[in-house]
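To keep things clear, I will list the structure first and then write my remarks on it.
The values are calculated or read from the model by the stated rules, or taken from the named source; none is laboratory data. Here the structure is a predicted model, which is why all the values come from computation and not from measurement. Heads up, the Cβs are rebuilt from the backbone with ideal geometry, glycines too, and the neighbour counts pull from every protein chain shown. Keep in mind that these areas ignore ligands, DNA and RNA; they rest on the heavy atoms of the full protein, side chains included. Shrake-Rupley method; radii C 1.70, N 1.55, O 1.52, S 1.80 Å.
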Amino acid sequence: MTVLSRGARALFLLGAAAFFGLPLLWLLLAPTRTADDLTTGSPLGFGALGNVTDAWSHLMSYNDGEITLWIGNSVIYASASVALALLLCVPAGYVLAKHDFAGRRTLLTLSVVTMILPPAALVLPLYLEMSAVNLTGTVWSVILPLSFYPFGVYLAFLHFQANLPDSLLDAGRVDGASELRLFWSVAVPLARPAIALIAFFGFVRCWTDFFLPFVMLSDDRTFTLQLGLMSLLQSTGAVNNSSGFADLDIHQPEAALAGLVACAPLLVGFVLAQRFLRTGLLAGAEKG
């Protein structure tokens, strides 16, 4: 590799780091400053940790601390959706990978096709479906659609197909194990990396989803954190100082802190997933 190519690569990486890193750095530093500091001072200056406490207090002043309710709602929606998705995706991926039956290829094709459909294209039929069974406005109108996760089925299928030898299953059948016992005692323990991946990506999908709750929910007491933050930003001086609710003293530092609160569970989920992704990577290996 020539000096010129190494320099070009270093310059590209430095530019990418600045492009993606500077907004994140600003987000981390903004809650430590006041709104006036952010307007007149250095964009990346550090203020005081006491300002973070003040910013959180201002956020809690909005509708008697409704932000904590939104956080709890998001945890419930995401946790329930991921749990249901795992109950559906892992067995479905196992059956598609290790059993041959009529319609198998069709189901695999439909899973792939559904993965590439824009989520917004499914919102209207989902709304009509939830409305037909009188579930719109309830937690189930968010949890049930989000538990439908074709990408998770495909991940489980790929893992079982590549990492679960047929000889292990055949040995279990020779020993008299039922198909359910084979799945629970052989397939699931070996699938921990795939399960961790499905849970992590499913959690990210559920936690960050905005459009589905926006369509399904109307009562702000049932809002997710993402949807609630939109309501907060629109009705306070966080991004619009001319708002009639600017007297709540919620401005850019509070908005940045709310953004960090929304990002924190994703970081925690990534750290937890990392712990399990290293487990069982060679669990499906066979001796020659």
| Helix-only mean residue ellipticity at 222 nm for the chain, each DSSP H run of n ≥ 4 adding -39500 (n - 2.57), per residue, nearest 500 | -22500 deg cm²/dmol
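Provide the FRET efficiency to the nearest 0.05 for the Leu107-Asp220 pair, computing r from the beta carbons and using R0 = 35 Å.
The computed FRET efficiency comes out at 0.30.
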| Proximal charge balance of Asn51 [Cβ under 13 Å; K/R count +1, D/E count -1] | -4
| query | Summing Lys, Arg as +1 and Asp, Glu as -1, what charge do residues with Cβ under 10 Å from the Cβ of Ser81 carry, Ser81 excluded? | reply | 0
| query | Residues of the chain: accessible area per residue at 1.4 Å, in Å²? | reply | 57
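So what is the relative contact order of segment 20-175, in percent, for Cα pairs below 8 Å that sit 6 or more residues apart?
Worked out over segment 20-175, it gives 26 percent.
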| said: Leaving ligands and nucleic acids out of the surface, order Leu155, Leu117 by accessible area at 1.4 Å, largest first. | reply: Leu117, Leu155
| message | So if I place +1 on the C-beta of Lys and Arg and -1 on the C-beta of Asp and Glu, and nothing else carries charge, what would the dipole magnitude of the chain be about its Cα centre? I want it in debye, nearest 20. | response | 1280
| task | Give the carbon-plus-sulfur fraction of the accessible surface of segment 41-153 in %, rounded to a whole number; probe 1.4 Å, heavy atoms of protein chains only. | result | 70
| field | Alpha-carbon Debye profile of the chain, log10 I(q)/I(0) at 0.11, 0.12, 0.16 Å⁻¹ | value | -0.84, -0.94, -1.23
| query | Once label points are set 7 Å from the Cα along Cα→Cβ at both Gln234 and Phe148, what is their separation, rounded to one decimal in nm? | reply | 2.6
| task | List the relative contact order of the chain as a percent without decimals, with contacts defined as Cα pairs under 8 Å and 6+ residues apart. | result | 27
| Extension gain, His99 back to Ile116 (0.36 nm per residue minus Cα-Cα distance, nm) | 3.6 nm
| 10 Å Cβ shell holding at most 16 others, DSSP loop, trypsin sites (Lys or Arg not before Pro): longest site-free stretch of the chain | 1-277
| field | Contour excess over end-to-end distance, with Cα ends at Phe19 and Ser79 and 0.36 nm allotted per residue | value | 18.3 nm
| Solvent-accessible surface (1.4 angstrom probe) belonging to Asp219, in square angstrom, nearest 10 | 70
| query | Which whole-Hz ³J(HN,Hα) couplings does segment 83-92 yield from phi under the Karplus relation 6.51 cos²θ - 1.76 cosθ + 1.60, θ = phi - 60°, glycine and proline marked x? | reply | 4, 5, 4, 5, 4, 8, 6, 5, x, 5
